[in-house]
């Protein structure tokens, strides 16, 4: 593979892995796991099979009961039966349960519709049946046509008719075809005479009307009606939750986060002071506003709105692409947050009003909802958390942060206690759009640092984690930006040097935070893992993101890791050193190829620094000359420690974190030996020992030794 | 974090921070202004003392009378998208339809079915600080049903009793005593008489304005109309319905505008500084002490002329009010109070300020008394509203 191609690949991998990882690997999410709902999740994973089996058995039983129930209804009421009511009730219950849970197949719907409208049972039963006719996926057109034919027979009562029309309006989108139904247009139109039905028939006609249905006599009739009544009665509310469930089922497992599709509108039981039910407005197209602008709107204008594409019909990505030029935008831009298709639109549109409307809405909503910004209304904490989750999902989906969130962080971070919505809040930090670090620092990072230093080790780890994600997001953004330079209107018209400067400042800042945190937490291994995770990103910037930047870690981190008692830390350190080496060599090579003195030649200081670290490391682990070059310790002090053989005390055999490996290696060699002498590992045994170490999963060490040490006489170069 | 010094950056490239934002998008500019706002003191350290405005002279006096002596609840409002002044008639038609629909749903309003309000839009010509400010407009909700005798809303009229000391040379003060009661603010609860009720009675009023809103106007395009300050009087349920319609139609966002103690003391100073021909109300401050089981309110009433005299003694820069002057003014009041009652008011929370110009409550309630300084009062409120929406 050519190097160029490889870069792209790595980037692509990062990009795909990122969406999920930013949700999964957040440390602060660990805390959440303690709550019961999550622990259930875990246990479910643990014993996946039994649970699955149970469910399967249940489903089967349910299915049978449903078949029986439908069969019962089909036969009609048995006059002689004694416990008639009981049986009826039982079967009704079954149908209702299944319908609300999984929905009904189109054949079952066909039968039940037939029963409900044929008047075999009483009015109450018909109502109950109609109310629970919820499709699993679709309703066949034939069933509807048959049902309509029952209306003409006059077997069902007025209230059943009303309910049927309401049902038809609510379920309209799930009917598989509509040609036949459209042929009944005249029949429906005639039903307008019935005052009780009129509002619902109006709504149905609204859904059904095509251009050819518009006739002068009908328009006249409608104008008469308009004088009487203007509004559709809401038909959907009976089935609202069911409809959402069906929509979700029909959409199938989509790659897009499902929750984005499912608006939280009905999950929110709390009646809000003003904004009806939900924080996020419901999606409505803006034709309303637009027509307000016109002086007069005629009926024909209303019917021939051919120019634009209504949002309600937008279902798929190809549709979005086809109609992107004539899309009717939502009347409240905030509603896009619940619609993944429109998020795509927001993402690529450069239309200032659209972005500004969204910006204002999001900033204000965040301010209003934030439980600590204005007043302490902590009882709404759950809502706010959910709202933040929605925003973060949208940001992950778009792989881009919102400016409103950044502005919100400026205002609210100084007041944050570090506990409330910690996981969400830190994720918002990781999605700050790329900008100049020195400008953001006093507004954000200085406040964050105060919390960082005064909070627990877990908070520190969470912050480091989110800073790692921030770095990754910035790097991805920059690497894309460089490749797509022609976009003239990119949010930041920066020079590459300026951008790199900002990134390097961020890295240095995290280095400073880490060093101080290590001191505060007395060299905690746990913390060090998170710090090294950060540097695993840092060391690979040149190769992975194709950006001219190599920043080394500060000595406080390097030596803490080198002298750590934990093997995995040392292994990670080896890996990072190996990657640094690769990156620096690649950079050097590039310089030589290009010959011209480019702006981004790394200073010799970086190389010197790296060589210094490498010397120390090889001196410690390999050549057993630990305190000569890298770490300099006065020999007199070493004498005083009383350690006789300090020279080899840090090599791969004697290093405290490797000692246990050495012992088990020796025991493996000669299991009957009662005393082990680790110093016996040398010569041939040394290389066997190394092989043993590598076989124990110390890949980092392997890569490091393979690349930086030349067998059998180690020497160092970079 | 002072101890932090970034080491010399590795790619010692050219760029200084100023080079960063050359061709920034409007959103980027907005973020810049938020940054500036967040990094410095939220309010400029000096402001002009309210003056009688020339533009205000054009305002229909009848309409101005509608705005004075009423208690308004304040809201900040983000710019209205595609609002057009030529469509006001159409808007009132649509809003009326919306209200009818909302009431049919049976949500939000607890009043009877017959209760209906009809809304009318009208502009408040001349109600602006500069020519650039967009025209303010008024929305009035009128009762339609003559059957309605009494709506159930109690209009609370805060009549502040004058505690003017007979001796102008000393500052008069009164402390409203212990546990909860404030003896010196008499809240008169006047229910409207049924006889006043007839068709066309205004039940709800709201108005939108922007006075000296330059800082906001600069950052939005012509698709938007910036009227960042919204004032409402009437039942909150009605405000909710009407506000919702505006939010749906013009994609804007209302949020309640509270006034913190810091801004209240600015108001106290600026309004005391206004030259008045005659004073109609006493200058009064209300502090709240959060203590259990009931909070303690402390009211401190001063003869307006005494307050003016105190202001004149701390005031230095002509025509302007500075942060130091505000602090000094409040400190004088505090120390005076402390001398007599040994209570440090600075440790409590200022919740209300009333002067002859206007009175303001921390909950975001305002009442403007003086016609002359209407614009001046609104200019400061606009500034606060803009600060909230930026």
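No value in this document is a laboratory result; all are computed from the given coordinates. Note that this is a predicted model, so its numbers are computed, not measured. Cβ atoms come from the backbone with ideal geometry, glycine included; neighbour counts cover every protein chain shown.
Below, the figures for the structure above:
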{"quantity": "FRET E, pair residue A:177, residue A:282, Förster distance 30 Å, beta-carbon r, rounded to 0.05", "calculated": "0.60"}
{"quantity": "Averaged over A:497-503, number of beta-carbon atoms from partner chains that fall within 10 Å", "calculated": "6"}
{"quantity": "Kirkwood-type radius of the stretch A:368-418, with distances r between different C-alpha atoms, in Å", "calculated": "11.7 Å"}
{"quantity": "Shielding score for A:356-368, defined as the mean number of other chain Cβ atoms within 10 Å", "calculated": "6"}
{"quantity": "Calculated FRET value between residue A:669 and residue A:707, using beta carbons and R₀ = 45 Å, to 0.05", "calculated": "0.95"}
{"quantity": "Computed FRET value (nearest 0.05) for residue A:97 with residue A:193, which takes r as the C-beta separation and R₀ as 35 Å", "calculated": "0.35"}
{"quantity": "Proxy reagent accessibility, fewest Cβ within 10 Å first, across A:463, A:219", "calculated": "A:219, A:463"}
{"quantity": "Ranked list, fewest to most other Cβ atoms within 10 Å of each Cβ, for A:328, A:179, B:305, B:218", "calculated": "A:179, B:218, B:305, A:328"}
{"quantity": "Separation between Cα centres of the stretch A:82-109 and the stretch A:377-437, rounded to whole Å", "calculated": "46 Å"}
{"quantity": "Cα-based shape type of the stretch A:323-474, given that a ≥ b ≥ c are square roots of the gyration tensor eigenvalues and the cut on a/c is 1.5", "calculated": "prolate"}
{"quantity": "Anisotropy class of the stretch B:308-390 from Cα gyration tensor, a/c 1.5 cut", "calculated": "prolate"}
{"quantity": "Cα-based equivalent ellipsoid of the stretch A:553-698: semi-axis lengths in Å, sorted from largest, via gyration tensor", "calculated": "34, 20, 12"}
{"quantity": "Kirkwood Rh, angstrom, the stretch B:259-362 [1 / mean 1/r, Cα pairs]", "calculated": "14.0 Å"}
{"quantity": "Stretch gain in nm, segment residue A:352-residue A:457, where the contour uses 0.36 nm per residue and the Cα spacing is subtracted", "calculated": "33.5 nm"}
{"quantity": "Burial ranking of peptide ranges A:90-101, A:434-445 (average Cβ count within 10 Å, highest at the top)", "calculated": "A:434-445, A:90-101"}
{"quantity": "The stretch A:543-626: radius of gyration and largest Cα-Cα distance (Dmax), Å", "calculated": "14.3, 46"}
{"quantity": "Estimated inter-spin distance, residue B:295 and residue A:118, nm [label 7 Å along Cα→Cβ]", "calculated": "6.9 nm"}
{"quantity": "Tensor-based shape of the stretch A:83-142 (alpha-carbon gyration tensor, a/c under 1.5 rounded, otherwise prolate or oblate)", "calculated": "oblate"}
